[in-house]
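Since the structure comes first, as structure tokens, the remarks are kept for the end.
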């Protein structure tokens, strides 16, 4: 089984590409969804987050207030690193378990959607890395429009990740999302065909 990772910068179109891959019948796991699961109420992850950042990051029902936590950690590098140290190990453990199950099930190709793949140094665990990229200007505009952030807030969140140009340099495959959805779909389809051929 080919283990592929899908990554890219925030607001570069990675979620669209992941959905396209899943629509083609490929198994895809979302690291962001796993990250939410490891901080559900009652988990050790949420207890650790609350201990580090205080009860102010919790909603009245005891669940994590992700927006409030994000506002805190994106203006505090040490806080962001502490949060990652709590969440990332559990997420990668869950990803490895999912990949093992996909292989046992006979999947020829499995894809893990991991936004911070390079930043966490786990790219070596995958046979292929696919990077989704667009111009920095388009990335900034998309993030401001999508999340309702100020330009300063959006720039800060982009700066918290590895520059997209560096990710492109390190990728096995690149999907450019500056064009139409049809352009993006064509690139996704070509990469799937290439990976299927590599396995054959």
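The values are calculated or read from the model by the stated rules, or taken from the named source; none is laboratory data. It should be emphasised that the depicted structure is a prediction, and the values quoted were computed from it without experimental measurement. Note that we place each Cβ from the backbone using ideal geometry, even for glycine, and neighbour counts take in every protein chain shown.
Just to be sure I understand, how many residues within the stretch 2-45 are crowded, with 20+ Cβ neighbours inside 10 Å and out of contact with any helix residue (DSSP H, G or I) (no Cβ under 8 Å at 6 or more places or on another chain)?
Final tally of qualifying residues: 2.
Any idea which residue in the stretch 173-187 is surrounded by the most Cβ atoms within 10 Å (Cβ to Cβ), counting only those that are free of Cβ contacts under 8 Å to residues at least 12 places away in the same chain and assigned to a loop (DSSP other than H, G, I, E, B)?
Applying the filter and picking the extreme gives 179.
Using the structure shown, decide if residue 190 is part of a helix (DSSP H, G or I), out of contact with any helix residue (DSSP H, G or I) (no Cβ under 8 Å at 6 or more places or on another chain) and closer than 30 Å to residue 77 by Cβ. Spell out the reasoning first.
Details: part of a helix (DSSP H, G or I): yes; out of contact with any helix residue (DSSP H, G or I) (no Cβ under 8 Å at 6 or more places or on another chain): yes; closer than 30 Å to residue 77 by Cβ: no.
So residue 190 fails the test.
Count, please, the residues in the stretch 1-18 that happen to be under 15 Å from the mean Cα position of the chain (by Cα) and farther than 17 Å from residue 131 by Cβ. Let's see the steps before the verdict.
So in the stretch 1-18, the residues under 15 Å from the mean Cα position of the chain (by Cα) come out as 4-18.
Those still in the list that are farther than 17 Å from residue 131 by Cβ too: none.
The total comes to 0.
Mind checking which residues of the stretch 133-172 are under 19 Å from residue 120 (Cα atoms), touching a strand residue (DSSP E or B) at 6+ places or on another chain (Cβ under 7 Å) and either buried (at least 18 other Cβ atoms within 10 Å of the Cβ) or touching a residue at least 60 places away in the same chain (Cβ under 8 Å) (or both)?
Selection gives 133, 164, 167, 171.
Among the residues of the stretch 5-14, is any assigned to a helix (DSSP H, G or I), at negative phi and at pLDDT 95 or above?
Taking every residue of the stretch 5-14 in turn, at least one turns out to be assigned to a helix (DSSP H, G or I), at negative phi and at pLDDT 95 or above.
For the stretch 29-124, please list each of the helices (runs of 4 or more DSSP H) lying entirely inside it that holds at least 2 residues being under 28 Å from residue 170 (Cβ atoms).
In the stretch 29-124, 31-37, 66-73, 77-104 are the helices (runs of 4 or more DSSP H) which contain 2 or more residues that are under 28 Å from residue 170 (Cβ atoms).
Do you know which residues across the stretch 59-73 are over 25 Å from residue 158 (Cα atoms) and in contact (Cβ under 8 Å) with a residue 12 or more places away in the chain? Even if it seems obvious, please write down each step before you answer.
Step one: of the stretch 59-73, the residues over 25 Å from residue 158 (Cα atoms) are 59-63.
Listed by number, the residues that qualify are 61, 62, 63.
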